[in-house]
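Chemist: To start, I am sharing the structure in question, which I have written as structure tokens.
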Amino acid sequence: MAERSFKAEVEHLRKGTGDTFTGEGILAITKALLENGVGYVGGYQGAPISHLMDVLADAEDLLGELGIRFEANASEAAAAAMLAASVHYPIRGAVTFKGSVGVNVASDALANLASSGVNGGALVIVGEDYGEGSSIMQERSYAFAMKSQFWLLDPRPNLASIVKSVGDGFALSEASNSPVMLMVRIRSCHVTGRFETRDNVPPPLSVRDALSSPMRDFKRVVLPPMSYAHEHDKIDNRWPAAEKFILENRLNEHFGPEEGKVGIVCLGGIYNSVIRALQRLGLADISGNTSIPLHVLNVTYPLVKSELLEFCAGKEAVLMVEEGQPEFIEQQLGAMLYKEGRTTKLEGKGIFPRAGEYTGQIMLDGLDTFVRQYAPELLPGKVLAPNAPKPELPDLSKTVPIRPPGFCTGCPERPIFASLKMVEQEVGQHQITGDIGCHLFACLPPFEIGGSTMGYGLGPASNAAFDGGGERRAISIIGDGGFWHNGLSTSIGNMVFNKSDSVAIIVDNYYSAATGGQDIPSSRAKNKTKSTNNPITKALQGAGVKWIRQIDRTYDVTRMRETIREALTTEYDGPKVIVASSECMLNRQRREKPQRNKAIAGGERVEVARFGVDQDVCTGDHACIRLSGCPSLSLKKLDDPLRDDPVAHIDQSCVGCGNCGEVADAAILCPSFYEAKVVHNPTGFEAWYAGLRTRIISWLQTRRAGSRLTFTGEGV
Amino acid sequence: MSLSLPLEARPADPALEGIIKLAILAVGGQGGGVLTNWIEGLARSQGYHCQATSVAGVAQRTGATIYYMEMAPGDVAAPVFSLAPSAGDVDIIIAAEMMEAGRAIIRGFVTPDRTTLIASTHRMLAVSEKTVPGDGMASSEEVKAAAELAAQKLVLADMDTAALKVGSVISASLFGALAGSGALPFERVAFEEAIRAGGKGVEASLRAFAAGYDLAKNGEEPKVEAAKPARQEIVRPAGPDMAQKAWASLEAKVAALPEPVREMARAGLQKVVDFQDTDYGAEYLGRLESLVSRDSAEKDYELSREAAKYIANAMAYDDVIRVADLKTRSQRFDRIETEMQVKDGKLMHLTDYLHPRAEEIVGLLPEKMGRKMENDPVWMNRIDRWFNRGRRIRTDSLRGFAMLYFLGGLRGWRRKTLRHRMEQDHLESWLKMVAGYLPDRYAMAVETLRCRRLIKGYSDTHARGLSKFDKVLAGARMVENRNDGPEWVARLREAALKDEKGTDLDGALKTVESFA
């Protein structure tokens, strides 16, 4: 079960011609797929398109009605490979994953797909994760489009344009026999808006029907000599066809006056930011009517030379607004102008920074510089000589702490890393590699565990150089998501085959948790359309791992720590794998809380646990927090003049996982922690017996109070 | 040759003024998405164009998160909205936590010409604030001061507590505050309608909405300080007559102390008497008085005040007896039951997490016997085997309670124990060092007293605190004859409180060694 349910929104996907859809970008994309007769969809989740996968999963009934096959692919490579169906069959297919890491994983299949070429429209929807909030290295997917020659769409970020680009993408793919990549940036995926819907169209040929009459054409197979022919076909036929289609269908757009002394070329995806800066400079109105000619590339690859040269004709200077680096488009445009002997000055990087997101301020500064330099007469007086000085504000940069993401309250991964940190405190630091997933947060304070992340499922593989062992064994972390994505072969198989004398810890939280809690083969949930409950340990055994330890409650810190210690010290010199399993708390709470509340309201006996700290016993040294970082374990300043430092305090967001108490016990920190289990609707006998106990305890308490002074003030 | 004519410069489109730009800065998990949906629904219901977006992904896992939306009147043709906020170009900032308000100010989103800043003053501490062994909490006051300068209109109140009080969450009270701030051109009923249209937890959300609305309109009520009596007047403790009498004479002694010392002395006295008994209180006052007699009004009795505080803390050390005593008191049971809302026929199971080591057990033995065992590895191993393991004690059960009750009752025995002797020796040598600086090096004496702050925690943490204390005092001796000696001691102490391992402290000590 995914973190966010789209069951309600999915009903909007049934809207037809004449209706208006209001909602989020990813839902609009899904609707567009249905309107364009897609035959199969798939993908692999990851921000920012995780929700697209969730929408597709939640829309499975509707997809079924239309005869569309939905596959939750094992990885991006599997997703891209699925597009093979469109190589021979005239069936439209779409897959989705995040860029650029997803494109990296998928690049083998994408390259082969691009070489073969396609008959049916093949669309890869890539969530470009760049700039603020991004969770990956900062790279562009653009290079992949260039090297493999599939086309890249980057539509303007409003729902109508995005929806249109889906249809354009399929048509372009079919017209040029090339796969097309539709790029949506992180904010475009979640942007809300409206568009006019059309009726959904079932695929003219469904994948099910296609199985009845298989098609094959060995000319499409990537083998010499056909592969040589493919390359020529790309240049001689597919590319010109694509250019023709782009021109004829006006996929790129022109705004503002036809002619001008200066002009701006921008990518569709950052059109809104450009307009906002122009609006602030007094060069565009609220609806985007600009006084500077603006050429918007909704197709960023291939670039249509004639179109760009025409735009540049007669202009003194043109500004290329292209975020990120390398500046692929600017380089191509520069070469075009130079080869044509044009004198138009090309500006871009230089006025704009080479690296980093084009934020509102950077865009404003860049456009301002450009216009000031080449057409200052366009700028209104107010902008030319701004009269309001910026206010002087105190510098808060040293006051406000950074707030990187971290483990949620009650996260079952926290005790794993607390245990690991304790083991390291005993026996010294180890070589540790991380992997992609929530568990990567362990590399941040307070744990600071793991020093590298090479890719999804590659944690153990990236310790391969240390497989030979040494005084202290290398440790690697991998999640259950990464394990099934490619870790089983690339990491575990690699360890077994190379007789690795190192330790791998598989963090099994029952879901692909970091991407939003999607099910994976080892999930414990029942899923009516997917096969779950396939234990990781069985896969490990099958792959040849002999030393396996399964821990079914990661919160058992003492056991966790002993198991890690054992793995590090055992005589056995082959691969040692610990599977540390407990359910993702976010998902567990989402599932259990409503049930629990219902049970309580229904009069059933329910126990609800929460932890607390005795403020009189806590001395305020915060050692517990340095082994936890739990959001609900915080600090509180006491109203006691004798206390200098705040004491630990657990707020009511605590879910009672027990990590803090277990850690305090295992690390012998202090006796401040207690668990308070509230029993709702206790049984009659229970209530009677509790009453008896309370009376005896009260009597003892009163007895002792009678023999001493008792203060009622605070701070006692 | 350029064929184009220069275009006319034209004034900015007045319709642009109609765009309302609103950003929400929250901590992942605070419900920023729900708030965004309400505002968007509200704007659309009022015939506005509206666009919202967010950066989801891992930032939602307790990290700083930002939601952004723009809206414009419906009569504008197809407005183009931005997908991200720009510095100097935001009309409304909603910060769901105090430091997030600070972050909005740092990023330039709050400007005096246009921005309404609605911020909740409550704190969700960042990990870096919590892990410091001392006090690492960031200053809300600084953010508040900056907010007052930066915002055109400021709504500051604890929206979290306001929502929790009525059984809801902060997104609803912030929505109320947005309505109350008047920053959006919509009526209150339209806001409430948006909550109803959301359909989830409507009643609770409306209550929190109303609370937020009122806070924005009327501000927070000033905190009532008078509810409890000033510390001087507190406590007529309950207890047997004899002890009451003894207490009265101790109180008289406190009353005889110079005025600036009294409050702290009273708090200290209460702590040590609560820890042991009135005789122990008399010992405390004795120690304090010997320093008071060497102090003066000229110095405003700074030394005495610090002594009143730290001698009390040193005397009320944390041993097994104290922990067991605190854990079995009726006040503790009451406090936990209130906090956990145990009422209406609910019951509570209370499990304490304890982990005694051989050191604690030996510390309970009589001094001589304890010392012998402490120095005998065979015995220490044996005791470790018997006692050293994590224990979950059901303090609400008769057996568990009885055990802790018995241990807590060993107060009469305490003065005979090895631990008590050790604490006394430590205290005495520390106070001797303090006294040694008097009368000439008064500031050194004060700083030496303050170093007691470093000793806290249990077991390893306690040992680490002690070693830091020793290191800082060793450093103090190196600089004791310098004029800037006291400042160096303060600096060493601050360094020791910065990180767990004492890396900062070691660095500071190196510096001291380099010149001392």
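Chemist: Antiparallel versus total DSSP beta bridges in chain B: what percent is that, nearest 5? Walk me through the numbers on the way to the answer.
Modeler: Details: 19 of 32 bridges.
Within chain B, antiparallel bridges account for around 60 percent of the total.
Chemist: Something else: Quickly work out the A:Ser206-to-A:Leu309 label distance, labels modelled 7 Å from Cα along the C-beta direction, and quote it in nm with one decimal.
Modeler: 5.0 nm
Chemist: Still on this structure, please answer the following. Check each residue of segment A:356-378 and keep those whose accessible area, probe 1.4 Å, is at least 20 Å² smaller with all protein chains in place than in the chain alone; give them in order of residue number.
Modeler: Residues of segment A:356-378 that lose at least 20 Å² of accessible area once the other chains are added: A:Gly360, A:Gln361, A:Glu377, A:Leu378.
Chemist: With viscosity set to 0.692 mPa s and temperature to 37 °C, compute the Stokes-Einstein D of chain A, Rh being the Kirkwood radius across alpha carbon pairs; µm²/s, no decimals. Present the calculation step by step, with values, prior to reporting the outcome.
Modeler: Working: Rh = 29.1 Å.
In µm²/s, the coefficient is 113.
Chemist: Further question: In this model, which of A:Lys421/A:Lys636; B:Lys271/B:Lys416; A:Lys345/A:Lys382; B:Lys456/B:Lys501 are farther than 22 Å apart at the alpha-carbon? Before the final figure, lay out each step's value.
Modeler: On the way: A:Lys421/A:Lys636 25 Å; B:Lys271/B:Lys416 20 Å; A:Lys345/A:Lys382 27 Å; B:Lys456/B:Lys501 14 Å.
The pairs that break the limit, which is 22 Å between Cα atoms, are A:Lys421/A:Lys636; A:Lys345/A:Lys382.
Chemist: Given 4 °C and 1.567 mPa s, compute D for the protein assembly as shown with the Stokes-Einstein relation, Rh being the Kirkwood radius over Cα pairs; round to the nearest whole µm²/s. Please list the in-between numbers first.
Modeler: Details: Rh = 34.1 Å.
Answer, rounded: 38 µm²/s.
Chemist: Whole-Hz ³J(HN,Hα) for each residue in segment A:39-44, computed from phi via Karplus 6.51 cos²θ - 1.76 cosθ + 1.60 with θ = phi - 60°, x for glycine and proline: what do you get?
Modeler: So the J values, rounded to whole Hz, are x, 8, 9, x, x, 9.
Chemist: Enumerate the calculated ³J(HN,Hα) couplings along segment A:441-455 in order (Karplus 6.51 cos²θ - 1.76 cosθ + 1.60, θ = phi - 60°), each rounded to whole Hz, writing x wherever the residue is Gly or Pro.
Modeler: Karplus-based 3J(HN,Hα) across segment A:441-455 equals 4, 5, 6, 8, x, x, 8, 6, 10, x, x, 8, 9, 9, x Hz.
Chemist: How far, in nm, would the chain grow between A:Trp688 and A:Lys530 when pulled straight, counting 0.36 nm per residue and subtracting the alpha carbon separation?
Modeler: Numbers: separation 158, 0.36 × 158 = 56.88 nm, distance 4.86 nm.
Value of the extension gain: 52.0 nm.
Chemist: Nearest 5 is fine: what % of DSSP beta bridges in the protein assembly as shown come out antiparallel, could you say? Display every interim value, and only then the final one.
Modeler: Details: 50 of 119 bridges.
Taking every DSSP beta bridge with both residues in the protein assembly as shown, the antiparallel ones total about 40 percent.
Chemist: Check the straight Cα-Cα distances from B:Lys498 and name the aspartates and glutamates below 16 Å, setting aside those fewer than 8 residues away within the same chain.
Modeler: Partners found: A:Asp621, A:Asp644, A:Asp645, B:Glu129, B:Asp135, B:Asp506.
Chemist: Which value, in Å² rounded to 10, gives the accessible area of B:His426 with a 1.4 Å probe and all protein chains present?
Modeler: 50 Å²
Chemist: Okay, moving on. Give a quick list of trypsin sites (Lys or Arg not before Pro) in segment A:524-566 that DSSP marks as loop, anything other than H, G, I, E or B, with at most 16 other Cβ atoms within 10 Å.
Modeler: Details: sites: A:Arg524, A:Lys526, A:Lys528, A:Lys530, A:Lys538, A:Lys546, A:Arg549, A:Arg553, A:Arg559, A:Arg561, A:Arg565; in loops: A:Arg524, A:Lys526, A:Lys528, A:Lys530, A:Lys546, A:Arg553.
Answer by residue number: A:Arg524, A:Lys526, A:Lys528, A:Lys530, A:Lys546, A:Arg553.
Chemist: Among the helices of chain A (complete DSSP H runs), which have Cα atoms covering no less than 30 Å along the helix axis and a Kyte-Doolittle mean of at least -1.0? It would help to have the intermediate numbers written out before the result.
Modeler: Details: long enough: A:684-705 (31 Å, -0.29).
Counting only whole DSSP H runs, the qualifying helices are A:684-705.
Chemist: Moving to a separate point now. Assuming R0 = 60 Å, what is the FRET efficiency of A:Ser397 and B:Lys245, from their Cβ-Cβ distance, to the nearest 0.05? Don't jump to the answer; show the numbers that get you there.
Modeler: Working: r = 59 Å, r/R0 = 0.98.
E between A:Ser397 and B:Lys245, to the nearest 0.05, is 0.55.
Chemist: Restricting to lysine pairs 8 or more places apart or on different chains, what number in segment A:7-248 have Cα atoms under 23 Å apart?
Modeler: Lysine pairs meeting the criterion: 15.
Chemist: Is it possible to state the helix-based mean residue ellipticity at 222 nm for chain A, with each DSSP H run of 4+ residues giving -39500 (n - 2.57), the sum divided by total residues, to the nearest 500 deg cm²/dmol? What is it? Mind dumping the intermediate values first?
Modeler: Numbers: 26 runs with 249 residues, N = 716.
After summing the helix terms and dividing by the residues of chain A, the value is -10000 deg cm²/dmol.
Chemist: How many Å² of accessible area per residue for the protein assembly as shown, probe 1.4 Å? Let's see the in-between values first.
Modeler: Working: 49740 Å² over 1232 residues.
Counting only protein heavy atoms, the per-residue value for the protein assembly as shown is 40 Å².
Chemist: Related question: About the Cα centre, and with charges only on the beta carbon of Lys, Arg (+1) and Asp, Glu (-1), how big is the dipole of segment B:237-315? Nearest 20 debye, please. All intermediate terms of the calculation are to be shown ahead of the outcome.
Modeler: Values: 10 positive and 14 negative charges, 7 e Å.
It works out to roughly 40 debye.
Chemist: Towards the positive end of the charge dipole of the protein assembly as shown, with charges on Cβ (+1 Lys, Arg; -1 Asp, Glu), say which of B:Ala248, A:Gln431, B:Val479 has the farthest Cα.
Modeler: Towards the positive end, the residue furthest out is B:Ala248.
Chemist: About its Cα centre, how strong a charge dipole does the protein assembly as shown have in debye, to the nearest 20, once Lys and Arg get +1 and Asp and Glu get -1 at the Cβ?
Modeler: With only Lys, Arg, Asp and Glu charged at Cβ, the dipole is about 3460 debye.
Chemist: A further question on this structure: Give me the percent relative contact order of chain B, please, defined on Cα pairs under 8 angstrom at least 6 residues apart.
Modeler: Working: 745 pairs, mean separation 46.8, N = 516.
Computed value for chain B: 9 percent relative contact order.
Chemist: Within segment A:57-144, which trypsin sites (Lys or Arg not before Pro) sit in a loop by DSSP and count at most 16 neighbouring Cβ atoms inside 10 Å? Don't skip to the answer; put the middle values down first.
Modeler: Working: sites: A:Arg69, A:Arg92, A:Lys98, A:Arg140; in loops: A:Arg140.
Sites meeting the loop and neighbour criteria: none at all.
Chemist: So, one more: About the Cα centre of segment A:7-248, what is the dipole size in debye to 20, counting +1 per Lys and Arg Cβ and -1 per Asp and Glu Cβ, all else neutral?
Modeler: Details: 22 positive and 29 negative charges, 66 e Å.
It comes to approximately 320 debye.
Chemist: Checking an interface number: how much accessible area is buried between A and B, summed over both chains, with a 1.4 Å probe, in Å² rounded to 100? If you can, show how the numbers build up before the last one.
Modeler: Working: alone 33610 and 28200 Å², together 49740 Å².
Using a 1.4 Å probe on protein heavy atoms, the buried area is about 12100 Å².
Chemist: From Cα pairs below 8 angstrom and at least 6 apart in sequence, can you work out the relative contact order of segment B:440-515, rounded to a whole percent?
Modeler: Numbers: 67 pairs, mean separation 21.0, N = 76.
The value is 28 percent.
Chemist: What's the longest piece of chain A with no exposed GluC sites (Glu not before Pro), counting a site as exposed if DSSP puts it in a loop and it has at most 10 other beta carbons within 10 Å? Could the numbers behind the result be given before it?
Modeler: Values: sites that count: A:Glu258, A:Glu392, A:Glu471, A:Glu571.
Segment A:1-257 is the longest.
Chemist: Rounded, prolate or oblate: pick one for segment A:320-387, where a ≥ b ≥ c are the square roots of the eigenvalues of its C-alpha gyration tensor, a/c under 1.5 means rounded, and failing that, prolate if a/b is larger than b/c, else oblate.
Modeler: Oblate shape, in that a/c is at least 1.5 and b/c is the bigger or equal ratio.
Chemist: Might you work out the accessible area of A:Thr712 for me, using a 1.4 Å probe with all protein chains in place, and round it to the nearest 10 Å²?
Modeler: Here the residue's solvent-accessible area equals roughly 130 Å².
Chemist: Let a ≥ b ≥ c be the square roots of the eigenvalues of the Cα gyration tensor of segment A:25-124; is it rounded (a/c under 1.5), or, if not, prolate (a/b larger than b/c) or oblate?
Modeler: Oblate shape, in that a/c is at least 1.5 and b/c is the bigger or equal ratio.
Chemist: In peptide A:260-273, how many Cβ atoms from other protein chains are near each Cβ within 10 Å, on average?
Modeler: Working: counts 5, 6, 4, 1, 0, 0, 0, 0, 0, 1, 1, 1, 7, 5.
Taking all residues of A:260-273 together, the mean is 2.
Chemist: Applying 1/(1 + (r/R0)^6) with R0 = 56 Å to the Cβ-Cβ distance of A:Asp61 and B:Glu487, what FRET efficiency is obtained, to the nearest 0.05?
Modeler: On the way: r = 73 Å, r/R0 = 1.30.
It comes to 0.15.
Chemist: Between B:Asp89 and residues 5 or more places away or on another chain, which pairs have amide H atoms under 5 Å apart, with H built 1.01 Å from N, and which residues are they?
Modeler: Residues meeting the amide H criterion: none.
Chemist: I'd like the carbon and sulfur percentage of the solvent accessible area for the protein assembly as shown, probe radius 1.4 Å, heavy atoms only, ligands and nucleic acids excluded.
Modeler: The value for the protein assembly as shown is 53 percent carbon and sulfur by accessible area.
Chemist: I need the trypsin sites (Lys or Arg not before Pro) found in segment A:295-400, filtered to DSSP loop residues with at most 10 other beta carbons within 10 Å of theirs.
Modeler: On the way: sites: A:Lys305, A:Lys315, A:Lys339, A:Arg342, A:Lys345, A:Lys349, A:Arg354, A:Arg372, A:Lys382, A:Lys398; in loops: A:Lys315, A:Arg342, A:Arg354, A:Lys398.
Hits after loop and neighbour filter: A:Lys398.
Chemist: Using Cα pairs under 8 angstrom and six or more residues apart, how large is the relative contact order of chain A, in percent?
Modeler: Working: 1390 pairs, mean separation 70.3, N = 716.
10 percent.
Chemist: Give, as a single signed number, the net charge of other residues whose beta carbon lies under 11 Å from the beta carbon of B:Leu154, with Lys and Arg counted +1 and Asp and Glu -1. Walk me through the numbers on the way to the answer.
Modeler: Values: positive: B:Lys144, B:Lys153; negative: B:Glu148.
Once all neighbours under 11 Å are counted, the net charge is +1.
Chemist: 222 nm [θ] for chain B, helices only, -39500 (n - 2.57) per DSSP H run of 4+, per residue, to 500?
Modeler: Details: 24 runs with 279 residues, N = 516.
So the helix-based figure for chain B works out to -16500 deg cm²/dmol.
Chemist: What are the lysines whose alpha-carbon lies under 26 Å from the alpha-carbon of A:Lys538, with same-chain residues fewer than 8 places away excluded?
Modeler: A:Lys499, A:Lys526, A:Lys528, A:Lys530, A:Lys546, A:Lys576
Chemist: Excluding same-chain pairs closer than 8 in sequence, count the lysine pairs in segment B:17-218 whose Cα atoms lie under 19 Å apart. If you can, show how the numbers build up before the last one.
Modeler: On the way: B:Lys21/B:Lys153; B:Lys144/B:Lys153; B:Lys144/B:Lys217; B:Lys153/B:Lys217; B:Lys165/B:Lys200; B:Lys165/B:Lys217.
For segment B:17-218, qualifying lysine pairs total 6.
Chemist: Putting +1 on Lys and Arg Cβ atoms and -1 on Asp and Glu Cβ atoms, find which of A:Gly350, A:Ile551, A:Gln361 reaches farthest to the positive end of the dipole of chain A.
Modeler: Selected residue: A:Ile551.
Chemist: Take each of the peptides B:236-243, A:143-150, average the number of other beta-carbon atoms within 10 Å over its residues, and list them starting from the highest. Walk me through the numbers on the way to the answer.
Modeler: Working: B:236-243: 14.1, A:143-150: 20.2.
The peptides rank, most packed first, as A:143-150, B:236-243.
Chemist: Averaged across B:339-348, how many Cβ atoms of other chains sit within 10 Å of each residue's Cβ atom?
Modeler: Mean partner-chain Cβ count within 10 Å for B:339-348: 6.
Chemist: Looking at chain A only, what percent of DSSP beta bridges run antiparallel? Nearest 5 please. Don't skip to the answer; put the middle values down first.
Modeler: Working: 24 of 80 bridges.
In chain A, approximately 30 percent of DSSP beta bridges are antiparallel ones.
Chemist: By its C-alpha gyration tensor, with a ≥ b ≥ c as the square roots of the eigenvalues, how is segment A:603-705 shaped: rounded for a/c under 1.5, else prolate for a/b larger than b/c, else oblate? The partial results should precede the final answer.
Modeler: Values: a/c = 2.40, a/b = 1.46, b/c = 1.64.
Judged from the Cα gyration tensor, segment A:603-705 comes out oblate (a/c at least 1.5, b/c at or above a/b).
Chemist: Of A:Met82, B:Thr503, A:Ala145, which is farthest on the positive side of the dipole of the protein assembly as shown, counting Cα position, with +1 on Lys and Arg Cβ, -1 on Asp and Glu Cβ, and the Cα centre as origin?
Modeler: B:Thr503
The values are calculated or read from the model by the stated rules, or taken from the named source; none is laboratory data. Predicted model only: the values in this text are computed from it and were never measured. Because the Cβ atoms are built from the backbone with ideal geometry, glycine has one as well, and the counts that use them run over all protein chains shown. The area values use the complete protein model at the heavy-atom level, side chains included, leaving out ligands, DNA and RNA. Shrake-Rupley method; radii C 1.70, N 1.55, O 1.52, S 1.80 Å.
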